[in-house]
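Structure first, then comments.
The values are calculated or read from the model by the stated rules, or taken from the named source; none is laboratory data. Worth saying up front: this structure is predicted, and the values here are computed from it rather than measured. All Cβ positions, even for glycine, are placed from backbone atoms using ideal geometry, and neighbour counts span all protein chains on display. For accessibility, only protein heavy atoms count, side chains too; no ligands or nucleic acids. Shrake-Rupley method; radii C 1.70, N 1.55, O 1.52, S 1.80 Å.
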Amino acid sequence: VSTQSTGCAVAIGHPWPDRHVYTGGRGCVKVWDISPNVPVMKEPVYSIECLKDNYIRVCKLLPDGRSLLVCGEAPTLSIWDLTQGKPRQKGEIKSPAPACYAVAISPDNKTCFSCCSDGNIAVWDLHNKELIKQFQGHTDGASCTDISTDGTKLWTGGLDNTVRAWDLREPSNKLETYDFTSQIFSLGYCPKDDWVAVGMESCYIELFNVNKSITEKYQLQKHESSVLSLKFSSDGNWFVTTGKDNQMNIWTTPHGYNAYQSQEAASVLGCDISEDDRFIITGSGDKKATLYEVVY
């Protein structure tokens, strides 16, 4: 199912009371109803303006599914309440950086970590909408992030060819740095094991285990160009990657068996997986989002 949306940032809502898909383009997020009793989508049920006509790079649901966070090519993070039907803006957060390319949310919905174009990781109190601190380490733009299931470790990837792990329990927060041979465009932390998957500008995907007793590493190659987004399923058994080469791939964890491949019409810029692992949504450069149903 393709939705005629200006879309690169995408998110799938929780299945209550209706299941919605969120697509973000330039200054606008469109909301689509994909509930089973709804006919084929032709028009969004809601359209909300945000970021003042700037390009949206992130549509991120909070873990409880009750709020949506939107950010991108603007020094602003916009927060929306999803519990009242049409999304209602709860507030805006002013960022110290001119752009934000990725966010992670703590499991308790209280803290947001945003990857800034200046290389810093901004840490936000979502309730008070205040900047708590900044993690400094990347020497070029911070491009992607994920958080461990227990909320104790944050992973960030950067254009400085590094992945950095931050210990959220320690005052210094610094943990480890992993060096790569290419810029990091996407990453994900496996929710069931200590695997981290990294999508690179060079077209490769690398998986490594953060448990030092496990020395296995895997390098996967199916994409023919940069790996632009990466997302693990909720059960951790598989993950999705999308690329500049118009591909969407599904891989098994951790050995990287290529379980499925789809060729879209343009670069696939972003992806998301529903909480129940039943649906995948992708957003592409031709102003479309594509919805896949996962059938085992």
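Scanning the range 34-75 for residues that are surrounded by fewer than 17 Cβ atoms within 10 Å (Cβ to Cβ) and assigned to a strand (DSSP E or B) gives Y46, S47, E49, Y55.
Within the range 35-66, count every residue that is of a type in the set (S, T, Y) and modelled with pLDDT of 95 or more.
Within the range 35-66, residues that are of a type in the set (S, T, Y) and modelled with pLDDT of 95 or more number 0.
Being β-branched (V, I, T) and within 25 Å of P15 (Cα to Cα) narrows it down to one of V123, V31, so name that one. Before the answer, list the steps.
Details: V123 fails: within 25 Å of P15 (Cα to Cα).
Answer to the check: V31.
Looking only at the range 136-159, how many residues end up being open to solvent by 30 Å² or more (accessible area, probe 1.4 Å) and not β-branched (V, I, T)? Show your work before the answer.
Residues of the range 136-159 that are open to solvent by 30 Å² or more (accessible area, probe 1.4 Å), as a first pass: 136, 139-140, 146, 149-150, 153, 159.
Subset that is not β-branched (V, I, T): 136, 140, 146, 150, 153, 159.
Residues meeting the conditions: 6.
For the range 209-228, filtered to residues that are at pLDDT 95 or above and open to solvent by less than 40 Å² (accessible area, probe 1.4 Å), the residue that is nearest to the chain's Cα centre (by Cα) is V227.
Scanning the range 251-283 for residues that are free of Cβ contacts under 8 Å to residues at least 60 places away in the same chain and either out of contact with any strand residue (DSSP E or B) (no Cβ under 8 Å at 6 or more places or on another chain) or in a loop (DSSP other than H, G, I, E, B) (or both) yields a total of 9. Which one is surrounded by the most Cβ atoms within 10 Å (Cβ to Cβ) among residues in the range 87-135 that are among the hydroxyl-bearing types (S, T, Y) and out of contact with any Lys or Arg (no Cβ under 8 Å at 6 or more places or on another chain)? Only one residue tops the list, namely S114. When S67, S78 are checked against the criterion of being touching a Cys at 6+ places or on another chain (Cβ under 8 Å) and under 24 Å from T282 (Cβ atoms), a single residue qualifies: S78.
Under the condition of being under 16 Å from the mean Cα position of the chain (by Cα) and more than 18 Å from W251 (Cα to Cα), the residues counted in the range 166-206 number 1. Within the range 266-296, the set of residues being under 11 Å from V10 (Cα atoms), open to solvent by 20 Å² or more (accessible area, probe 1.4 Å) and over 12 Å from the mean Cα position of the chain (by Cα) comprises K288, T290, L291. What number of residues in the range 190-204 are open to solvent by less than 30 Å² (accessible area, probe 1.4 Å) and either among the aromatic types (F, W, Y) or closer than 13 Å to L228 by Cβ (or both)? Adding up the residues that qualify gives 5.
Scanning the range 160-176 for residues that are open to solvent by less than 70 Å² (accessible area, probe 1.4 Å) and farther than 12 Å from F135 by Cα yields D160, N161, T162, V163, E176.
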